[in-house]
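Asker: Pasting a structure here, questions to come.
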Amino acid sequence: MSKKKVSLKDIAEKAGVSTALVSYVLNGKEKESRVGVDIAAKIRQIAIELNYKPNYLAKSLRSGKTQTIGLIIADISNPFFANIARIVEDEAKKNDYTVIIGSSDEDADKSWDLINVLLNRQVDGFIIVSSENTEEQIQYLSSRNVSFVLLDRHFPAIPTDYVVLNNYHASYIAGTHLIEGGYRNIGLIAYRSQLFHMQERIRGYVESLRDAEITFHPDWLTEVDFGRIEPEIRAGIDRMLAADQPVDALIFSTYRLAISGLKYINELGLTVPDDLAIVSFGQAEAFDLYYCPITYLQQPMEALGKTAVELLISKLKDPEQPPRQVLMEATLIARNSSKVKALVT
């Protein structure tokens, strides 16, 4: 036979107080009701001793809130997004929210399915790392007055709350770093995508060359499909090395592209940085384990995740406030893979 579920009344009877007073204390409102510190502590201790479990369903029916956040990330297998998810989850917990996580796998249809599932679960709001071709989904949430914050990626034409990296500047400093190190034929490997953050990474790279009066050659840019990373990176690197002006340095626009590219560079018997200097977006343990530690653009993951939660909770408290947009900067961590060229040759 199952044990009877402990109620607020049970705690009240043992503490010798009213049920209303117990409710105030366990909901963190003791200051509002001017409950003494000692009696509040006594109520909490009795609740622990009786193994009291709050009825969140009843609470959500009364308040209209479920204290849950839907987090949709682009690719859970990517260490960047996995770490972001953990940061969001931890920060939300500090604010008494539970996070339900889903991965869209960079697929718009899956993203739409996740949004519908989470709406049916009545999450209070969303934090979303958008996939390509999901603008209509964002417009839909806006039209439904659903509170949400876009994280890492956003759509400039849609006025929303977002927390993102200054991708243009990050890519620009990557290109400038290599140029200052004596490299002139610098390539970029990026995703074939119209997402704004990826276009900004390409733009920053191209303008770093232009500002250094280096002529950009189309063969220096390789764009690959998300579903065909390995073969298209191989073909791209082959083309870059066979160009009239072969590349002497490569920038990878994501960690996953860097790992695939470095594997192929090893297969070709090329040495980093003697044959090719390397800079990549995103920090990862693999960059430390590589025989030549990789220079990378460190993204402020903790600040990105925490700020996204902060903005969403603020929006949930005041849905009428205007959209807030936060742009954060990356830090270039220079290591052996991009040594000054004069010292390498």
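The values are calculated or read from the model by the stated rules, or taken from the named source; none is laboratory data. Quantities reported herein were computed from a predicted structural model and do not represent experimental measurements. Ideal geometry is used to build each Cβ from the backbone, glycine not excepted, and the neighbour counts take in all protein chains shown.
Asker: Is it fair to say Ser171 is in contact with a Lys or Arg (Cβ under 7 Å, 6 or more places away or on another chain) and assigned to a loop (DSSP other than H, G, I, E, B)?
Answerer: no
Asker: Here is a further query. Which of the residues belonging to the range 120-139 are at pLDDT below 95 and either touching a Phe, Trp or Tyr at 6+ places or on another chain (Cβ under 8 Å) or part of a helix (DSSP H, G or I) (or both)?
Answerer: Hit for the range 120-139 is Asn120, nothing else.
Asker: Looking only at the range 224-234, which residues are surrounded by fewer than 16 Cβ atoms within 10 Å (Cβ to Cβ) and either part of a helix (DSSP H, G or I) or out of contact with any helix residue (DSSP H, G or I) (no Cβ under 8 Å at 6 or more places or on another chain) (or both)?
Answerer: Gly227, Arg228, Glu230, Pro231
Asker: Still on this structure, please answer the following. Residues that are of a type in the set (Asp, Glu), closer than 30 Å to Tyr255 by Cβ and modelled with pLDDT of 90 or more: find the helices (runs of 4 or more DSSP H) completely inside the range 1-111 holding 1 or more of those.
Answerer: 79-94
Asker: Which residue out of Asn185, Asn120, Asn145, Asn95 is under 21 Å from the mean Cα position of the chain (by Cα) and not β-branched (Val, Ile, Thr)?
Answerer: Asn95
Asker: Quick check: is even one residue across the range 242-252 in a helix (DSSP H, G or I), free of Cβ contacts under 8 Å to residues at least 40 places away in the same chain and either surrounded by fewer than 14 Cβ atoms within 10 Å (Cβ to Cβ) or out of contact with any helix residue (DSSP H, G or I) (no Cβ under 7 Å at 6 or more places or on another chain) (or both)?
Answerer: Yes, some residue in the range 242-252 is in a helix (DSSP H, G or I), free of Cβ contacts under 8 Å to residues at least 40 places away in the same chain and either surrounded by fewer than 14 Cβ atoms within 10 Å (Cβ to Cβ) or out of contact with any helix residue (DSSP H, G or I) (no Cβ under 7 Å at 6 or more places or on another chain) (or both).
Asker: Follow-up question, since we're still on this one. Provide a single number: the residues in the range 108-128 that are surrounded by 19 or more Cβ atoms within 10 Å (Cβ to Cβ) and more than 15 Å from Lys306 (Cβ to Cβ).
Answerer: Residues meeting the conditions: 9.
Asker: Check the range 197-206 and report whether any residue there is in contact with a strand residue (DSSP E or B) (Cβ under 8 Å, 6 or more places away or on another chain), more than 16 Å from Ile173 (Cβ to Cβ), outside any loop (DSSP other than H, G, I, E, B) and not hydroxyl-bearing (Ser, Thr, Tyr).
Answerer: yes
Asker: Taking the range 304-327 on its own, how many of its residues are modelled with pLDDT of 95 or more and exposed (fewer than 14 other Cβ atoms within 10 Å of the Cβ)?
Answerer: 1
Asker: Exactly one of these conditions fails for Glu267: (1) surrounded by fewer than 16 Cβ atoms within 10 Å (Cβ to Cβ); (2) within 25 Å of the chain's Cα centre (by Cα); (3) modelled with pLDDT of 95 or more. Give me its number.
Answerer: Glu267 satisfies all of (1) surrounded by fewer than 16 Cβ atoms within 10 Å (Cβ to Cβ); (2) within 25 Å of the chain's Cα centre (by Cα); (3) modelled with pLDDT of 95 or more except (2).
Asker: Would it be correct to say that Ala243 is at pLDDT 95 or above and not acidic (Asp, Glu)?
Answerer: no
Asker: Can you name the residue in the range 145-156 that is touching a helix residue (DSSP H, G or I) at 6+ places or on another chain (Cβ under 8 Å) and not in a strand (DSSP E or B) and, of all such residues, is surrounded by the fewest Cβ atoms within 10 Å (Cβ to Cβ)?
Answerer: Pro156
Asker: Also: So which of Ala174, Ala190, Ala212 is in the same structural domain as Met240 (by TED's automatic domain parsing), surrounded by fewer than 16 Cβ atoms within 10 Å (Cβ to Cβ) and hydrophobic (A, V, I, L, M, F, W, C)?
Answerer: From the options Ala174, Ala190, Ala212, the qualifying one is Ala212.
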